[in-house]
Amino acid sequence: MSLHEIDTQTEPNVQAEPLSVLIQQYWGNIVSRKWVVLCSAAAGLMIAAILCVVLPKSYRSNTLILIENQKIPEDYVKGIGGANIEQRLTMIHQQVMSRTFLSQIRDEYKLYEELVRREGLEPAIETLRKLIKVETVGTPGVSGKSVEAITLSFAHEDPTTAMNVTAKLASLFIQENIRSREQLVTGVMVFLEQELHDAKKSLETKERTISEFKTRYVNELPEQKEANLRTLDRLQTELNTTVEAYHSLTARQSLSEKAVAKYEQYESIQSSSSQPMPRMGNQPIQNPLVIRLSELQKQLATLMGTYKETYPDVVYLKDEIKQLEAQIVEQTQITEQNKHSQAEESQPDSNGRAGRLFDPQLQNLLAQRDEAKLEILNLKTKEARIIREMKEIEGRVQRTPSREQELMILVRDYDNMQSNYQALLNKRLNAHVAENLEKRQQGEQIRVLDPANLPQKPEKPNQLLILLLGLIGGAGLGVGLALGIDQLNPTFKRREEVEVLPDINVLATIPQFFTLSSPVSVMPMSTPRITGSDSHRVLEGKSGNRNGLNPENFNLIAKWQPRSVAAEQYRMAATKLTLSTEGRNSTVVEITSALMGEGKTTTVVNLGYTIARDLGKKTLLIDCDFQRPALHHYAMLPARAGLIEFLDGQASLDECLSVIDESPCAILATGGGGGEKNEFARIQQLKAMLPQLRVQFEYLIINTPPVLSNATMGILASLADELVWVIRAGHSPKHLVQKAFIMLGLTGQRNVILNGVDAQSMSHHIYGYTLPYGGDRAIESVRR
């Protein structure tokens, strides 16, 4: 029968084997200690029977309290419920269960008198509180469970006392509900009245504030912004007109002064001449006030065509026109008086110079000059007034946005207060209606639907349940004791248990795997389970079997089952190890374990084979376990010599190497069938030869003896660049593994491969097949 056929036939049985082995293991532990289980179950049953006799009987009385909804629909009248029914019931429950009420009930019915005399009042109150049960009854809905009724019960040794106390508790519940609702309605009314009073005062204060603000900043409010801008435009126009008039009068004054100067010069030269006074020009000089009056009248006519007589600009122009007319009249009167005075003073004096001093033409020029000066002074005053008014109005316009913001804040606060006040008014009206609803008992009520009953059967103890629990508990305790004996010496079973140790790096978690059945001529028909351990052999066969196969050779899971979970985990370990040693030309890796039989030799050959075949690294496997060598079983054709012959110089390196297959992985077995195996001396010789081996191989993987079983491991550890520990799950005691770590005295991170892990306890996302894959190309090549 071929390997593929045997593998296909045995595959279904392999899947169930881990579970069956686990069950058999546990069942064997229980059966071997069945007396522990039986005695524990009997003891539990006996204790339960004693409890059934010793425990006092207890009778529980029940009453049902119905919760009636508001009789008038809430669409018409909304009651003041305060909190929801669950919260109110919780509050009432706390009040009824308070020390005050329970003390009254205890005194009324003389409960627990012996307990009070022995331990005091507090234990009795606490006992009474524990025996009272309050449960809600309702219908589950979308928004949760609706409470429709309350079940109230009390347990006591005397059924009559239990019934009376239950009835008393029900009445207390109803009374507390009525009292709490009355207090709620009264409290709401008082609260709303106070809030309304405060809200009204705040509203009136805010109204006064807004009124004072508008009065203080009446010209700076947003609604006055347009009027201020128009007034500013008018003042700008008036200022331009005033400036023009000022320039005109300045020129006029200059001409008058020149004319007076020429006239006086002419008069001094020809004092007796009767030549006429030169004129100021071809045009007579006009009064600037008359010119200004004409301009203002034109502006008034323009404004009257657009605005009413009450418009501020129209009113202002009319006032200014009146003032100009009054000034013109006054100026005319002054001119007439000056002429009259000149006529009286024009009589010749005793010196004969009166005609020159009181010359009308000269006096007219002087009057015109003085009049121009007066007009210039008036225009300057007017210009200053206009500029002052413009600055004031510009300040108003600039302050308008800030005043608008301040007013908006005040108005917003006022609107919020007004809305709050209106809401409080509506709430007070609703509260008043709800108060009338409660007074007429039309609101939510609770009443006793089923009065407290007189219990006929005791609630406690439940003898059947106690006996059953005693039997189950005793048997469970016995099973726990039977299984717990195996836990006195704890071992590592999962990856997480290893990772809790300090400075541990778990390279891979190798599950329990099963070797392929070999041909009949090579292996027996039964398929042994291999857990990565090389402490036992499936068969003691010859090392030169057909196709290079022997029983130990099938532990090379990376070759025969490359798609299995175990092979994938070896690839993961090889990848991590390669990445950690990247940059080195050659790396010496030692594989060791704390005890014998943990699978280090299997790990050496699978890890080395994976590094060579999958990662393409030239690898040499060196067997330094001189007492229990095993690497030679994995060679396709064993070499005639080994490590001892190579160290003694009896054979060259090529003569001592053997290969597994075509991959670049060589084996340097122990050799030295009859030679001296002084391990300390051999290690020193190996140390001297390592530089030569490093040149030829990228990875040197050394199979070392167990740490706790051999004294040479401390020296071997000094040769390694990387040290990998193999821990067999469920086999290696934790304290021995930690002891081995301490013995080597290694510092820094320690690499660990957890071997022989139960496949059922591994993560489901780990890639690969837990069973042999019959169609592997490696297997097909072996079969051919």
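Which of the residues that make up segment 566-618 are open to solvent by 10 Å² or more (accessible area, probe 1.4 Å), among the aliphatic types (A, V, I, L, M) and assigned to a helix (DSSP H, G or I)?
If the condition is that a residue be open to solvent by 10 Å² or more (accessible area, probe 1.4 Å), among the aliphatic types (A, V, I, L, M) and assigned to a helix (DSSP H, G or I), then 572, 579 are the ones that fit.
Given (1) in contact with a strand residue (DSSP E or B) (Cβ under 9 Å, 6 or more places away or on another chain); (2) buried (at least 21 other Cβ atoms within 10 Å of the Cβ), where does residue 653 come up short, assuming only one miss?
Going through (1) in contact with a strand residue (DSSP E or B) (Cβ under 9 Å, 6 or more places away or on another chain); (2) buried (at least 21 other Cβ atoms within 10 Å of the Cβ) one by one, residue 653 breaks only (2).
With respect to residue 166, determine if the residue is open to solvent by less than 20 Å² (accessible area, probe 1.4 Å) and either at pLDDT 85 or above or aliphatic (A, V, I, L, M) (or both). Write out each step before concluding.
Numbers: open to solvent by less than 20 Å² (accessible area, probe 1.4 Å): yes; either at pLDDT 85 or above or aliphatic (A, V, I, L, M) (or both): yes.
Answer is yes for this residue.
In this structure, does residue 134 turn out to be among the β-branched types (Val, Ile, Thr), crowded, with 16+ Cβ neighbours inside 10 Å, at pLDDT 80 or above and part of a helix (DSSP H, G or I)?
no
Please verify whether residue 249 is over 47 Å from the mean Cα position of the chain (by Cα) and among the hydrophobic types (A, V, I, L, M, F, W, C), treating the condition exactly as stated. Step through it out loud before you land on a result.
Numbers: over 47 Å from the mean Cα position of the chain (by Cα): yes; among the hydrophobic types (A, V, I, L, M, F, W, C): yes.
When the stated conditions are applied, residue 249 passes them.
Can you name the residue in segment 643-664 that is part of a helix (DSSP H, G or I) and touching a Leu at 6+ places or on another chain (Cβ under 9 Å) and is also nearest to residue 627 (Cα to Cα) among such residues?
Start the filter on segment 643-664 by keeping residues that are part of a helix (DSSP H, G or I), which leaves 643-648, 653-656.
Those still in the list that are touching a Leu at 6+ places or on another chain (Cβ under 9 Å) too: 643, 646-647, 653, 656.
Working: 643: 13, 646: 18, 647: 17, 653: 22, 656: 19 Å.
Looking at residues that are part of a helix (DSSP H, G or I) and touching a Leu at 6+ places or on another chain (Cβ under 9 Å), I get 643.
Taking the stated definitions as given, is residue 463 under 29 Å from residue 736 (Cα atoms), open to solvent by 90 Å² or more (accessible area, probe 1.4 Å) and at pLDDT below 85? Step through it out loud before you land on a result.
Numbers: under 29 Å from residue 736 (Cα atoms): no; open to solvent by 90 Å² or more (accessible area, probe 1.4 Å): yes; at pLDDT below 85: yes.
The answer is no for residue 463.
Could you say whether any residue in segment 477-492 is at pLDDT 85 or above, surrounded by fewer than 19 Cβ atoms within 10 Å (Cβ to Cβ), closer than 24 Å to residue 39 by Cα and not charged (D, E, K, R)?
The initial filter retains those residues of segment 477-492 that are at pLDDT 85 or above, namely 477.
Imposing the further condition that a residue be surrounded by fewer than 19 Cβ atoms within 10 Å (Cβ to Cβ) reduces the set to 477.
Those still in the list that are closer than 24 Å to residue 39 by Cα too: 477.
Filter once more, keeping what is not charged (D, E, K, R): 477.
Yes: one or more hits.
Being of a type outside the set (A, V, I, L, M), without any contact (Cβ under 8 Å) to a residue 24 or more places away in the chain and surrounded by 16 or more Cβ atoms within 10 Å (Cβ to Cβ) is the requirement here; does residue 665 meet it?
Here the answer is no, as residue 665 does not meet what is asked.
Could you tell me whether residue 607 is within 26 Å of residue 736 (Cα to Cα), out of contact with any helix residue (DSSP H, G or I) (no Cβ under 7 Å at 6 or more places or on another chain) and in contact (Cβ under 8 Å) with a residue 60 or more places away in the chain? Don't jump to the end; show me each part of the working.
Details: within 26 Å of residue 736 (Cα to Cα): yes; out of contact with any helix residue (DSSP H, G or I) (no Cβ under 7 Å at 6 or more places or on another chain): no; in contact (Cβ under 8 Å) with a residue 60 or more places away in the chain: yes.
The answer is no for residue 607.
List pairs: first in segment 393-405 and in contact (Cβ under 8 Å) with a residue 24 or more places away in the chain, second hydroxyl-bearing (Ser, Thr, Tyr), Cβ under 6 Å, 6+ apart or cross-chain?
Correct list of pairs: 393/231; 403/217.
Under 9 Å between Cβ atoms, which residue pairs at least 6 apart in sequence (or on different chains) link something in segment 415-434 that is aromatic (Phe, Trp, Tyr) with a partner that is open to solvent by less than 50 Å² (accessible area, probe 1.4 Å)?
Pairs that qualify, where the first residue is aromatic (Phe, Trp, Tyr) and the partner is open to solvent by less than 50 Å² (accessible area, probe 1.4 Å), are 421/196; 421/199; 421/203.
Suppose the filter is at pLDDT 85 or above, within 28 Å of residue 194 (Cα to Cα) and either open to solvent by 70 Å² or more (accessible area, probe 1.4 Å) or outside any loop (DSSP other than H, G, I, E, B) (or both); does residue 422 pass it?
Numbers: at pLDDT 85 or above: yes; within 28 Å of residue 194 (Cα to Cα): yes; either open to solvent by 70 Å² or more (accessible area, probe 1.4 Å) or outside any loop (DSSP other than H, G, I, E, B) (or both): yes.
Against the criterion (at pLDDT 85 or above, within 28 Å of residue 194 (Cα to Cα) and either open to solvent by 70 Å² or more (accessible area, probe 1.4 Å) or outside any loop (DSSP other than H, G, I, E, B) (or both)), residue 422 qualifies.
Name the single residue, out of those in segment 423-467 being more than 24 Å from residue 191 (Cα to Cα) and of a type in the set (D, E, K, R), that is farthest from the chain's Cα centre (by Cα).
Residue satisfying both the conditions and the ranking: 457.
So which of 228, 240, 287 is open to solvent by less than 50 Å² (accessible area, probe 1.4 Å) and at pLDDT 80 or above? Please lay out each step first, then the result.
Numbers: 240 fails: open to solvent by less than 50 Å² (accessible area, probe 1.4 Å); 287 fails: at pLDDT 80 or above.
Checking each option against the conditions leaves just 228.
Among the residues of segment 382-389, is any under 30 Å from residue 261 (Cβ atoms) and either outside any helix (DSSP H, G or I) or not acidic (Asp, Glu) (or both)?
Let us first name the residues in segment 382-389 that are under 30 Å from residue 261 (Cβ atoms), namely 382-383.
Now restrict to residues that are either outside any helix (DSSP H, G or I) or not acidic (Asp, Glu) (or both): 382.
Checking segment 382-389: at least one residue is under 30 Å from residue 261 (Cβ atoms) and either outside any helix (DSSP H, G or I) or not acidic (Asp, Glu) (or both).
Can you give me the number of residues within segment 619-636 that are part of a loop (DSSP other than H, G, I, E, B), among the acidic types (Asp, Glu) and closer than 21 Å to residue 570 by Cα?
Here the count works out to 0.
Can you find a residue that is under 30 Å from residue 413 (Cβ atoms), surrounded by 15 or more Cβ atoms within 10 Å (Cβ to Cβ), out of contact with any Cys (no Cβ under 9 Å at 6 or more places or on another chain) and touching a residue at least 40 places away in the same chain (Cβ under 8 Å) anywhere in segment 180-188?
Looking only at segment 180-188, we keep the residues that are under 30 Å from residue 413 (Cβ atoms), and these are 187-188.
Filter once more, keeping what is surrounded by 15 or more Cβ atoms within 10 Å (Cβ to Cβ): 188.
Now narrow it down to the ones that are out of contact with any Cys (no Cβ under 9 Å at 6 or more places or on another chain): 188.
The next check asks that each one be touching a residue at least 40 places away in the same chain (Cβ under 8 Å); those that pass are 188.
Among the residues of segment 180-188, at least one is under 30 Å from residue 413 (Cβ atoms), surrounded by 15 or more Cβ atoms within 10 Å (Cβ to Cβ), out of contact with any Cys (no Cβ under 9 Å at 6 or more places or on another chain) and touching a residue at least 40 places away in the same chain (Cβ under 8 Å), which makes the answer yes.
Taking only segment 493-503 into account, find how many residues are at pLDDT 80 or above and surrounded by 15 or more Cβ atoms within 10 Å (Cβ to Cβ).
3
Does segment 38-60 contain at least one residue that is basic (Lys, Arg) and at pLDDT 65 or above?
Taking segment 38-60 and keeping what is basic (Lys, Arg), we get 57, 60.
Now drop any that are not at pLDDT 65 or above, which leaves 57, 60.
Yes, segment 38-60 contains at least one residue that is basic (Lys, Arg) and at pLDDT 65 or above.
Could you check segment 214-256 and list, in sequence order, the residues that are under 17 Å from residue 291 (Cβ atoms) and of a type in the set (Lys, Arg)? Working first, answer last.
Within segment 214-256, the first condition is being under 17 Å from residue 291 (Cβ atoms), and the residues that meet it are 237-253, 255-256.
Scanning segment 214-256 gives a single hit, 252.
The values are calculated or read from the model by the stated rules, or taken from the named source; none is laboratory data. On a predicted model such as this, the values are computed, not experimentally measured, just so you know. When we count neighbours, we look across all protein chains shown, and the Cβ atoms used for this are built from the backbone with ideal geometry, even at glycine. For accessibility, only protein heavy atoms count, side chains too; no ligands or nucleic acids. Shrake-Rupley method; radii C 1.70, N 1.55, O 1.52, S 1.80 Å.
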